[in-house]
Amino acid sequence: MPVELQTIFLLGPQGSGKGTQVQLLAQYLEKKDPAHPVYHFSVGELLREFGSEVGFTEERVRASLLRGEMQPGFVSSYLVARYFILHLKGEEHIIIDGYPRSLENLVNFDSAMDFYERKTPTLVYLTIPDEEAVSRLMKRGRSDDTEEGIRKRLAWTKDQFAATIAHFTNNPKYRFHEVDGLGTIEEVHQRVLSTLGI
């Protein structure tokens, strides 16, 4: 049975399992509503792909990512806008991992949601303790996952997300849900589905 077109944004600290939950949610919607495609992507992956390309901006992004820094809002907003322009056709579910994560992003995000006439976009925020995030990320073994880099990213993530969450909770055109990210992957997945009511 078809479900209402979903526009879902998963945020949470690095290591909270956003990427895994986005994949599971996409698979669930593909089975539940095969009539509508599901477009899902990670802004972190878009940034890493962009940083691997050749060019002055790309090189600066690559170096900044290796230092564990937050990327300027105009770069992530550009990459998301480019993805929307290249892929959206108006009859798809959208799931995004890691965006919008700052007030700077929100200006562009709001205009995109209005332009594409997406109804009641939903922010799902996965919560886990910092020590759990560090432990998970150290096991991942990515080049930018040093303990210092991880803790730096966790610190700016908290600062940036506070404003984003306030924006979503105080704006009636959005829905906001906080979900406990601890437990097995399937337990968290079931919590997400229950929260979304799909």
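Recomputing semi-axes √(5λ) of the Cα gyration tensor in Å from the coordinates shown identifies the correct label among (1) 29, 20, 14; (2) 25, 21, 16; (3) 32, 18, 13 as (2). Would you be so kind as to identify which of 168, 179, 155 lies farthest towards the positive end of the dipole of the stretch 128-198, taking Lys and Arg as +1 and Asp and Glu as -1 on Cβ and the Cα centre as origin? Checking the options against the dipole of the stretch 128-198, the answer is 168.
Across the chain, the longest piece that holds none of the trypsin sites (Lys or Arg not before Pro) lying in DSSP loops with up to 15 other C-beta atoms within 10 Å covers 1-66.
By other beta-carbon atoms within 10 Å, ranking 182, 11 with the fewest at the front produces 182, 11.
The count of lysine pairs in the chain whose Cα atoms are under 24 Å apart, excluding pairs fewer than 8 places apart on the same chain, comes to 17. When 117, 59 are arranged by Cβ crowding within 10 Å, least crowded first, meaning fewest neighbours, the order is 117, 59.
May I ask you to sort 145, 97 by Cβ crowding, counting other Cβ atoms within 10 Å and putting the fewest first? Walk me through the intermediate numbers first.
Numbers: 145 18, 97 23.
Listing 145, 97 from fewest to most nearby Cβ atoms yields 145, 97.
Values in this text are rule-based calculations from the coordinates and carry no lab data. Nothing here was measured: the structure is a model prediction, and the numbers come from that model. So basically every Cβ, Gly included, is an ideal-geometry build from the backbone, and we count neighbours across all protein chains shown.
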